[in-house]
Amino acid sequence: MKLPKLVLTDIDGVWTDGGMYYDQTGNEFKKFNTSDSAGVLFCKRLNIPVGIITGENTNIVAKRAEKLNISILHQGIGDKLPVALQICKDLNIQISDVAYIGDDLGDISLLREAGVSASPANAPDYIKKITHFTTQKAGGEGAFREFVETILGNDRITNLLTHF
């Protein structure tokens, strides 16, 4: 598989289980799987930028991106393809150089256009049918890490392990 020049990801349903949790005072919570951070680390070791494009607009996602030093963050996006195309223009790359993982309606146009696309195991079948592959893990269970490990390949991952 060709090494991507950019990895983009949705959040809800990919990095999370898609649930939205609220306490009695209205505070919102999201549960992230920490293993997904290894996917970001692998990309950074190979100088591949990682970006988040998500339909939700929450401080929770901004904090997660900040913690992982992800500077490409776009929230509150319905149709993600135009944003991805602008990112590509800014980075002087083509959409065919992008690997993207998403799981729902707002992801469809980008999933169709990305050079490599994937969906988590728990995505709807109509989403799975338009992606290049489906992860074995569900959203919130390490699907992003599996996506990155798949697109990078075992040999690259093995080589990266010598740097840890």
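Values in this text are rule-based calculations from the coordinates and carry no lab data. Nothing here was measured: the structure is a model prediction, and the numbers come from that model. Methodologically, a virtual Cβ is constructed for each residue, glycine included, from the backbone with ideal geometry; neighbour enumeration extends over all protein chains shown.
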FRET efficiency for residue 25 and residue 86 from the Cβ-Cβ distance with R0 = 45 Å, rounded to 0.05, comes out at 0.75
Any helix of the chain counts here only if DSSP assigns it H throughout, its Cα atoms span 24 Å or more along the axis, and its mean Kyte-Doolittle hydropathy is at least 0.0, and such helices are none
Straight-line reach check, residue 137, cutoff 14 Å on alpha carbons, 8 or more apart in-chain or any other chain, hits among aspartates and glutamates -> 17, 36, 103, 146, 149
Under the helix-only model (-39500 (n - 2.57) for each DSSP H run of 4 or more, divided by the residues of the chain), the mean residue ellipticity at 222 nm, to 500 deg cm²/dmol, is -10000 deg cm²/dmol
Whole-Å distance linking the alpha carbon centroid of the stretch 19-33 with that of the stretch 54-81 is 16
Checking rank on 150-161, 43-54, 108-119, with mean other Cβ inside 10 Å and highest first, the result is 108-119, 43-54, 150-161
note: the stretch 27-69, Cα-Cα separations exceeding 11 Å make up a percent value of 71
In the chain the DSSP beta bridges are antiparallel at a rate, in percent to nearest 5, of 10
Given all pairs of distinct Cα atoms, the chain yields a Kirkwood Rh in Å of 15.7
So, with points 7 Å from each Cα along the Cβ direction, the residue 159-residue 136 label distance in nm works out to 2.4
In debye to the nearest 20, the charge dipole size for the chain, taken about the Cα centre with +1 at each Lys and Arg Cβ and -1 at each Asp and Glu Cβ, equals 520
